[in-house]
Amino acid sequence: MNITIFQSRQFRVFKKHKLAQFGAITLVFFILVAVFADLIAPKDPNKMNLRHSYKAPSSEFFLGTDRIGRDYFSRLVHGTRVSLGVGLGGIGIATIIGILFGGLSGYLGGRIDIFLLKLSELIICFPSIVLILMIVTIVGQSLLNLILIFGFLEWVGLYRLIRSLFMSLKEQEFVEALEAFGVRKFSIMFQHILPNAIAPITVWMTLTLAGMILAEAGLSFLGMGVPLQVPSWGNLLNGAKDLRVLENYPWIWIPPGIVITLAVLSINFLGDGLRDAFNPKS
Amino acid sequence: MLLIQKVDFMRNLILQIKDLKVYFDTDEGLIKAVDGVSFNVEKNSVVAIVGESGCGKSVTARSILQLLPTNAHIVDGELNFNLGDNKIIEIHKLDRNSREMRAIRGGEISIVFQDPMTFLNPVYTIGYQIYENIKEHLHYKYRNSIAKIHEILASVGISNPIQRSQQFPHELSGGMRQRSMIGMSLSANPKLIIADEPTTALDVTIQAQVLDLMKKIQNEKGMSVILITHDMGVVAEMADFVVVMYMGKIVEKASCQMIFNNPKHPYTIKLLESIPKLGRGRNQKLKPISGTTPNFTSLPTGCLFSPRCDFASSKCSNIPKEIEYSDNHFVSCWKYNEEIKEN
C-alpha cells in the first residue's frame, strides 16, 4: 500500500528532532493566537485612556498599559496577527515570484534566464535594509506596502535556489520522456519538475519567514515599518526607545522581546528540522 | 502532383526517411552525426537499427520526433510520416516546438526509453503518468480514463493493475517499470513506436519477456516498431528488416534473414563474428573488431570503415556508392561495386 506521511523516513527523522518539534508546536501556538486574537484578548488594542498611562501589570491589565494607556496584553496578542501576517504574506508573494521566475529561468534558459538573473543580481547588490527604508519613504507606510516590499525583495533567494534545481532536474531523463510524450512545457515545469524540488522550497520558506518577522520588528522599531497605531511586535518595542521606559517600565519591552525571540527561534528550529528530515544523508 | 506520387509511394509505408542529415554544432566544429541516411519502415513491421555506440542510431531515431539537443539540426533530408487516409506529414518541415510536433509525439509516434528507472517521474504514481499521455492526446478526464489505465497495465502483463497504478516508480521492479513505460507509450494508440535500447537496462530473463511482449503487442495492434539496439540476439528475435549503421552512415540494409545468413559488408560480418554462438563449445574465441571508431572531428577520407577493414584497398579512399546487391539488400562497399561490374 501507499506509504502514509506518518510512516515516511522524513517523519521518523523529524520525530527524533526534539527542537524542531518544539518549534512546530510553538509556531502552531502563535498561529492559533493570531487567529483567535479577538477571543483571547477581547479588549480593543487601540483604545486610549490617558488616565491609565504606564500602569503596571495587574488583574485588570495583564501586562500593564503603555504611554497612552492602551492595554498591553491586547496589543501583544493582536500584534501576533500583524507580525505573522506580514511574514506569511511576504513569504507568499516571494514564493510565487521565486518559483515562477526560477522555473522559467532554469528550464527555458536563454534570454529570459539572463534577464531574470541580472534582475536578481540588481536586487541582491543593494543592502536590503537601506533599500527597504528607501522604498518605504517613497510609497508610504502601510501594512500592505510592507508585505509587498518584503515579497518583491525576498524572492531573490528562492529564485536562485529554484533556478539551479531546475537546471539540474531538467537534465533528468524523465523530463526527456515527458517531452517525447508531447507534454506542454509549462506542465513539465510546474507539474512535474516542481514537486521534485518541494523539500528545499519548504526549508527556504520557514527560514525566510523568521527573517521577515525579524525585519518587520527591526523596521517598526525604527518607526519605518507598519504605521505606529497598528499593533505589531516591532511597534510594541518602538515604545521602549526611551531610556526612562527601559529603566522604569520593564513590561513595555520584556514581553515583546521574549515573544519575538521565541517566534524566530522556533521557526528556525523548525526549518533546521525540516532540512534534516529532507536530507537523505541524515 | 508531387504529393500524389508520395501518397502512392507510401501506401504500404508508415515512415520514409530520405537522405537524412543531422549535424551538431560543437566547439570542435561541425559533427555529422547522421549523414545521408535513407530507409523505409513498412506498416506492421519491425525495423532494427544496429551499430556501435555513437554511430548515430539514437540520433536518427530522435530526429524522427525532433527530440534533438538545441545544437543539433536537421540540415537536409525528408521525414515523411503516413497518417493514413492519404495524409502525409512532412515532419522535417515542422518546428520542433510547434503544436503539430507535440501532437505527433506520444500520439502518432511514441518512444520507449532505455532505462525505466530514470525515465519515470519519481513523484507521481504509475497510473497518473499514463494518464498524462492520455490527457494530452485523447483529451480524457481522469475519472473517465481510470478503466483505460487499468486495461493498458493489464495488456502489458502487469498483474494486479488496480493496485500497481497507485504505486510510485520506486515501488516497482525494473521489468515492471519497463512494462509500464511500454504501456505509457501505447496509451494513445500510436502507429509507430521507437524503442531506444528497451532491454539494455534489464536482466536477461526479463529482457526476453519484454521483447516477447513488444512483439505480441506489435502483431496485435498492427503497429510498426523501430528498434535501436547493439544486441544482435535481440535483432534476430524481433526484426523484419535490419539497418546497419557505422559513423552516421548506413553501411548495409537488408531483411533480417539476409543480414544473418548472407552478410555482405565487412563491418556487418565482423559485427556478427563478435557475438558468441551456442553450440560451438566452451573454448570458442570471440573476434573483437580491431581498432576503435574514428573521432567524428577527424574522419578518414573515403570509406569510414577502411582503417579497420581487412579488405581495404586503394579504392577505399573514395566514398563508396550504395548498390543493390540483391533484391532489397543494399551495401555500401567497393568490394561489391567491383563484383557487380564484372558480372
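Please work out if B:S155 is within 24 Å of the chain's Cα centre (by Cα) and modelled with pLDDT of 85 or more. Write out each step before concluding.
Numbers: within 24 Å of the chain's Cα centre (by Cα): yes; modelled with pLDDT of 85 or more: yes.
Considered against the rule, which asks whether it is within 24 Å of the chain's Cα centre (by Cα) and modelled with pLDDT of 85 or more, B:S155 comes out as yes.
Conditions tested, residue by residue: (1) part of a strand (DSSP E or B); (2) buried (at least 21 other Cβ atoms within 10 Å of the Cβ).
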site	(1), (2)
B:K6	no, no
B:R11	no, no
B:Q16	yes, no
B:F24	yes, no
B:K32	yes, no
B:S38	yes, no
B:A48	yes, yes
B:E52	no, no
B:L68	no, no
> So is B:P122 more than 20 Å from B:S224 (Cα to Cα) and buried (at least 22 other Cβ atoms within 10 Å of the Cβ) or not?
Replying inline: no
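Identify all residues within the stretch B:148-167 that are among the aliphatic types (A, V, I, L, M) and within 16 Å of B:S187 (Cβ to Cβ); write none if there are none. Outline the logic, then answer.
Within the stretch B:148-167, the subset among the aliphatic types (A, V, I, L, M) is B:149, B:152-154, B:156, B:158, B:162.
Correct list: B:I149, B:I152, B:L153, B:A154, B:V156, B:I158.
Please state which one of B:G84, B:G77 is surrounded by fewer than 17 Cβ atoms within 10 Å (Cβ to Cβ) and either touching a Pro at 6+ places or on another chain (Cβ under 8 Å) or more than 9 Å from every other protein chain (Cβ to nearest Cβ) (or both).
On the way: B:G77 fails: surrounded by fewer than 17 Cβ atoms within 10 Å (Cβ to Cβ).
Step by step, each of B:G84, B:G77 is checked, and only B:G84 is surrounded by fewer than 17 Cβ atoms within 10 Å (Cβ to Cβ) and either touching a Pro at 6+ places or on another chain (Cβ under 8 Å) or more than 9 Å from every other protein chain (Cβ to nearest Cβ) (or both).
Got a sec? Which of B:T199, B:T205 is polar (S, T, N, Q) and either in contact with a His (Cβ under 6 Å, 6 or more places away or on another chain) or under 30 Å from A:V183 (Cα atoms) (or both)?
Numbers: B:T205 fails: either in contact with a His (Cβ under 6 Å, 6 or more places away or on another chain) or under 30 Å from A:V183 (Cα atoms) (or both).
Among B:T199, B:T205, only B:T199 is polar (S, T, N, Q) and either in contact with a His (Cβ under 6 Å, 6 or more places away or on another chain) or under 30 Å from A:V183 (Cα atoms) (or both).
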**Message:** Whether any residue in the stretch B:226-237 is within 16 Å of the chain's Cα centre (by Cα), among the hydroxyl-bearing types (S, T, Y), within 21 Å of B:Q16 (Cα to Cα) and at pLDDT below 90 is what I want to check.
**Reply:** yes
Those residues of the stretch B:284-339 which are closer than 20 Å to B:S274 by Cα, charged (D, E, K, R) and in contact with a helix residue (DSSP H, G or I) (Cβ under 9 Å, 6 or more places away or on another chain) amount to B:K287, B:R308, B:D310
Can you say whether B:I89 is of a type in the set (A, V, I, L, M), in a helix (DSSP H, G or I) and more than 11 Å from chain A (Cβ to nearest Cβ), as far as the supplied structure shows? no
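Looking at the stretch A:208-282, what helices (runs of 4 or more DSSP H) fall wholly within it and have at least 1 residues that are among the charged types (D, E, K, R) and either in contact with an Asp or Glu (Cβ under 8 Å, 6 or more places away or on another chain) or surrounded by 19 or more Cβ atoms within 10 Å (Cβ to Cβ) (or both)? Steps first, answer last, please.
On the way: elements: A:233-238, A:243-248, A:254-278.
Fully inside the stretch A:208-282 and qualifying: A:254-278.
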Contact list, first residue from the stretch B:102-119 and more than 7 Å from chain A (Cβ to nearest Cβ), second anywhere and in a strand (DSSP E or B) and crowded, with 24+ Cβ neighbours inside 10 Å, beta-carbon distance below 6 Å, six or more apart or interchain, is B:V112/B:A195
Considering residues that are surrounded by fewer than 24 Cβ atoms within 10 Å (Cβ to Cβ) and within 12 Å of another protein chain (Cβ to nearest Cβ), the number found within the stretch B:168-184 is 5
The number of residues in the stretch A:17-54 that are over 21 Å from A:T261 (Cα atoms), modelled with pLDDT of 90 or more and surrounded by 14 or more Cβ atoms within 10 Å (Cβ to Cβ) is 0
B:I149 fails exactly one of (1) touching a Gly at 6+ places or on another chain (Cβ under 6 Å); (2) within 14 Å of another protein chain (Cβ to nearest Cβ); (3) in a helix (DSSP H, G or I), namely (2)
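Only one of A:V136, A:V130 is among the aliphatic types (A, V, I, L, M) and surrounded by fewer than 14 Cβ atoms within 10 Å (Cβ to Cβ); which? Outline the logic, then answer.
Details: A:V136 fails: surrounded by fewer than 14 Cβ atoms within 10 Å (Cβ to Cβ).
So the residue among A:V136, A:V130 that is among the aliphatic types (A, V, I, L, M) and surrounded by fewer than 14 Cβ atoms within 10 Å (Cβ to Cβ) is A:V130.
Say whether the condition of being touching a His at 6+ places or on another chain (Cβ under 6 Å) and closer than 24 Å to B:F81 by Cβ is met by at least one residue in the stretch B:243-260. Explain how you work it out, then say what you get.
Step one: filter the stretch B:243-260 for residues touching a His at 6+ places or on another chain (Cβ under 6 Å), giving B:251-252, B:254, B:258.
Among the residues that remain, those that are also closer than 24 Å to B:F81 by Cβ are: B:254.
Checked against the condition, which is being touching a His at 6+ places or on another chain (Cβ under 6 Å) and closer than 24 Å to B:F81 by Cβ, the stretch B:243-260 yields at least one hit.
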Filtering helices (runs of 4 or more DSSP H) wholly in the stretch B:165-260 for at least 1 residues that are assigned by TED's automatic domain parsing to the domain that holds B:H150 gives B:174-186
Of the residues in the stretch A:144-199, those that are more than 14 Å from chain B (Cβ to nearest Cβ) and in contact with a strand residue (DSSP E or B) (Cβ under 6 Å, 6 or more places away or on another chain) come to none
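The values are calculated or read from the model by the stated rules, or taken from the named source; none is laboratory data. Computed from a prediction, not measured in an experiment: that's the story for all the values here. Virtual Cβ from ideal backbone geometry, glycine too; neighbours counted across all protein chains shown.
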